[in-house]
Amino acid sequence: MSNAVKLQHGLQSHDEAVQLANEINRTEAALKQMKDELKAYVKEQGGVDTGEEVWDYFESVSWQFDSSSLKQVAREMAMEGIDPWSMLSITKTNINKLGWDEQRLSQLGTKKVTQRFTSRKN
């Protein structure tokens, strides 16, 4: 490893990286506990305004359609000049339910791979 990389990243060894990863786990566990405590407070007492932001419960709205309603949505989009297939997509979970292999999927669509930095249990 070059000195520039060492200085830029700060970690000098695998052991230091393991220590840092463990500290991240401890910090995230503490953060979760703090958020749980604040959620309980807000649930009983209402939102908390810090002067810079407000911690509260905010609505998140989404819509679900059964298959006949979804067909109607697609029809109405088409009647309005909107290509429904450019707006509708199949979730990863539903693709997995199909049980199709990658070869079959690649004949129908384009695979998109992204990198996500996270941890996974051993």
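The values are calculated or read from the model by the stated rules, or taken from the named source; none is laboratory data. Keep in mind that what you see is a predicted model, and the values were worked out from it rather than measured. We place every Cβ from the backbone using ideal geometry, glycine too, and count neighbours over all the protein chains shown. Accessible surface is based on the protein model in full, side chains and every heavy atom, while ligands, DNA and RNA are left aside. Shrake-Rupley method; radii C 1.70, N 1.55, O 1.52, S 1.80 Å.
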Worksheet item: For the stretch 81-92, what are the residues that are in a helix (DSSP H, G or I) and not polar (S, T, N, Q)?
Response: P84, W85, K92
Discussion item. Testing T50 on (1) among the β-branched types (V, I, T); (2) loosely packed, with under 10 Cβ neighbours inside 10 Å; (3) within 30 Å of Q107 (Cβ to Cβ); (4) over 25 Å from the mean Cα position of the chain (by Cα), one condition comes back false. Which one is that?
Written reply: (3)
Item to complete: Determine if the stretch 68-80 includes at least one residue that is in a loop (DSSP other than H, G, I, E, B), open to solvent by 100 Å² or more (accessible area, probe 1.4 Å) and not aromatic (F, W, Y).
Response: yes
Discussion item. Condition first: at pLDDT 95 or above, on the phi > 0 side of the Ramachandran plot and over 24 Å from the mean Cα position of the chain (by Cα). Can you find one or more residues in the stretch 74-81 that meet it?
Written reply: yes
Worksheet item: Failed condition for K35, given (1) surrounded by 11 or more Cβ atoms within 10 Å (Cβ to Cβ); (2) among the charged types (D, E, K, R); (3) within 30 Å of L105 (Cβ to Cβ), with all others met?
Response: (3)
Item to complete: Within the stretch 93-122, count every residue that is open to solvent by 80 Å² or more (accessible area, probe 1.4 Å), under 30 Å from N25 (Cα atoms) and not in a helix (DSSP H, G or I).
Response: 10
